[in-house]
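Here the structure is laid out as structure tokens; the discussion comes afterwards.
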There are 2 protein chains.
Amino acid sequence: MRLIYLDNAATSHYKPFNVKYAFYKALKKSSNPGRSGHKLSLQNSLFVWKTREKIAKHFGDIKPENVIFTKNCTEALNIALQGIIKKKSGNVIASTFEHNSILRPLHELEKQGAITLTIITPENKKFITKKDVEKSLKKDTFLVCISSISNVTGNKNDIEEIGELCFKQKILFLVDNAQGVGHIKINMKTSHINFLAFSGHKGFLTPQGIGALCINSSLLPVPIMYGGTGTESESLFQPSLPPESLESGTLATPLIYSLFAGITYIEKHFDKHKKKVKEKTEYLISLLKQIKEITLYTHSTISGVVSFNVKDFDSVQVSDYLNNSYNIAVRGGLHCAPLTHKYFGTLNSGMVRVSLSFKTSKKDLDILVKAIKELVKNKHRF
Amino acid sequence: MRLIYLDNAATSHYKPFNVKYAFYKALKKSSNPGRSGHKLSLQNSLFVWKTREKIAKHFGDIKPENVIFTKNCTEALNIALQGIIKKKSGNVIASTFEHNSILRPLHELEKQGAITLTIITPENKKFITKKDVEKSLKKDTFLVCISSISNVTGNKNDIEEIGELCFKQKILFLVDNAQGVGHIKINMKTSHINFLAFSGHKGFLTPQGIGALCINSSLLPVPIMYGGTGTESESLFQPSLPPESLESGTLATPLIYSLFAGITYIEKHFDKHKKKVKEKTEYLISLLKQIKEITLYTHSTISGVVSFNVKDFDSVQVSDYLNNSYNIAVRGGLHCAPLTHKYFGTLNSGMVRVSLSFKTSKKDLDILVKAIKELVKNKHRF
């Protein structure tokens, strides 16, 4: 049976030819950039720099040296959160929609007594607005952490307005952009975002193993790892300036080549993809709304995420059924965002999360909906 | 001009077909292991586990769950060093031959007052022995950190005997195996090694971006990063057991497939490669010894590393000349191991490091030696 992959919010299934080819080309000139001075090493060093420039430009023309390569979005968030908090203390605000990649570092730092933590919920029940943040500000709030798009519901938070507020209040603003990549355009400068984390393997369609932290702030995080950087080799201490201060050890150079290709691809096709994802998401939501046994948690067509539950079924029962009977890959259960589930009362049931992409066809969605209807109709059998 | 790549200690240039193919095969079934429950995700989860088993077996049959995937060797060392020191304090011993991936974390921890640090030098002037460690032990020494093979000289330290000593003294023993992979066999159990770090891109011939920490100890490091693990998703805190406790965020799954293939390849060809590297290294050393202007720092034929200086030349002058005139890629300057250079009095000149592989031909080495002879002969021209 043909695979219908609807789990793109976990990782993209489709990888463009150029993304794969860039990796292969990089392997052919395998060497360690920034370590040696021979041709291959210099070529790779230049390309790594070119990719920093590409990312810096993509997110609003920040400084290329402030693009820190990481293994994934989580590492980027840890560098930012732990690194800022080594310099500042007080109150941190995060939202109920955050992923464990933000919640776990912050709860750990709260447990250690390094910060106090305020978790905010949305007045409109759907997404976080400037007002939600504003009314929760404390005198000593120095950092606000909000995801661009929830990985559970696909709803977009008002990051532009929140950035404006933080800027006026002289509060640092960090955005987890794991789910935003490829779906929304973000300008860190005009939106007053100081720290932005993302990975390549979701919206930028690269293999897993590469991500970055983008810094648009004079406050630079203190390193959380130390090691060889190819610079200031005579020193027994970490260099003080980025990118080297925050990048220890050998970089994943072939994946950096892929990331360059992925960003190029996404920038080229952005509007076309956006339109497709919007159309397909609207289509799916309209079909699901016709099934009265379905509870929908998604109120946005922006990222292709559509989350729901089917009456009388646990979400994992639904996802297992779709997998076993139709080879449809969706994600059931909890989505590494416990407070989101708590907020929606789905800590026990979890949610069925469909995450489609610009590659998803209406036909695939028809099969999905047919399968769900069949499940509802024959629920006594399951 | 054909490239003669002699910088394999920085990263391997040759990547076997199976290592590359494994990566592409993995990309074809792109999904996020440990996150969703559908077929592709489960297939990848099983393969990730299979790779943990492979690594665990390779290093002496340790527990597979104690194999922690990282982005590089440096991350593995940071997890171990910082993570152990969150549980223990006192004196740590490291050698003058360590890389900045060990020296910088330890000096940072010393600066923070978390440990006292003893740097030991070898009595035999070449490599660290059990005796060197023994005579430096303090009452409160709880950790000894030694590399298997120096990245600067290629000399092997007596890790088996040092392990025995640490075991008897109930001291934790950590080995930086960045340069040992593919060249020596290590059994963590019989050599009483508690923590071993390595990367894939050197001796295991994978692309850059994957490494691991192997733990053979009941003392488990405290995490240095926190985030989603796909397990205990309802918890706002990190799971307590490895591998998840020490692996936050999406894994570099396609690179894990490559690592499996790389280890398989190396295990199959180990003896043959070892013989080739030994022969070629002996050959190169014998030729270099005939040039009286050369100072050799290498006393081992085990890893293909041969480091030297040429009288009246800075090491970077030599490496630049080899690169520009003969397209020979070696590394000059400092090699991220400042205390090694201090020990040999080469902090100013650096060293020329040739690092050959089983793929290097005698003809390549003849060209290298010819080039050096030419440099010496015509030194007035440079």
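The values are calculated or read from the model by the stated rules, or taken from the named source; none is laboratory data. All values reported here derive from a predicted model rather than from experimental measurement. Cβ sites come from the backbone with ideal geometry, for glycine too, and all protein chains shown count toward neighbours. SASA here: full protein model, heavy atoms, side chains in, ligands and nucleic acids out. Shrake-Rupley method; radii C 1.70, N 1.55, O 1.52, S 1.80 Å.
Below, the figures for the structure above:
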quantity: Subset tally (residues that are open to solvent by 60 Å² or more (accessible area, probe 1.4 Å) and at negative phi) for region B:269-315; calculated: 14
quantity: Looking only at region A:73-89, and only at residues there that are more than 12 Å from chain B (Cβ to nearest Cβ) and part of a helix (DSSP H, G or I), the one that is nearest to the chain's Cα centre (by Cα); calculated: A:I84
quantity: Members of region A:224-249 found to be touching a Cys at 6+ places or on another chain (Cβ under 9 Å) and open to solvent by less than 20 Å² (accessible area, probe 1.4 Å), listed by number; calculated: A:G227, A:G228, A:T229, A:S233, A:G249
quantity: Looking only at region A:34-72, and only at residues there that are farther than 27 Å from A:I184 by Cβ and open to solvent by less than 10 Å² (accessible area, probe 1.4 Å), the one that is nearest to the other protein chains (Cβ to nearest Cβ); calculated: A:H38
quantity: Matching residues, region A:126-141, being open to solvent by 50 Å² or more (accessible area, probe 1.4 Å) and assigned to a helix (DSSP H, G or I); calculated: A:K130, A:K131, A:E134
quantity: Yes/no for B:F237 being among the aromatic types (F, W, Y) and part of a loop (DSSP other than H, G, I, E, B); calculated: yes
quantity: Positions within region B:1-15 being at the interface with chain A (Cβ under 9 Å from one of its Cβ atoms), among the aliphatic types (A, V, I, L, M) and not in a loop (DSSP other than H, G, I, E, B), in sequence order; calculated: none
quantity: Region A:316-345, residues that are β-branched (V, I, T), over 20 Å from B:T250 (Cβ atoms) and surrounded by 22 or more Cβ atoms within 10 Å (Cβ to Cβ); calculated: A:V318, A:I328
quantity: Count - residues of region B:90-125 that are outside any helix (DSSP H, G or I) and on the phi < 0 side of the Ramachandran plot; calculated: 21
quantity: Any hit, region B:142-161, residues being open to solvent by 50 Å² or more (accessible area, probe 1.4 Å), free of Cβ contacts under 8 Å to residues at least 40 places away in the same chain and more than 26 Å from B:T206 (Cβ to Cβ); calculated: yes
quantity: Some residue of region A:191-200 being in contact (Cβ under 8 Å) with a residue 24 or more places away in the chain, open to solvent by 20 Å² or more (accessible area, probe 1.4 Å) and in the same structural domain as A:L251 (by TED's automatic domain parsing); calculated: yes
quantity: Condition broken by A:N18, with the remaining ones in (1) outside any loop (DSSP other than H, G, I, E, B); (2) open to solvent by 10 Å² or more (accessible area, probe 1.4 Å); (3) of a type in the set (S, T, N, Q); (4) free of Cβ contacts under 8 Å to residues at least 12 places away in the same chain satisfied; calculated: (4)
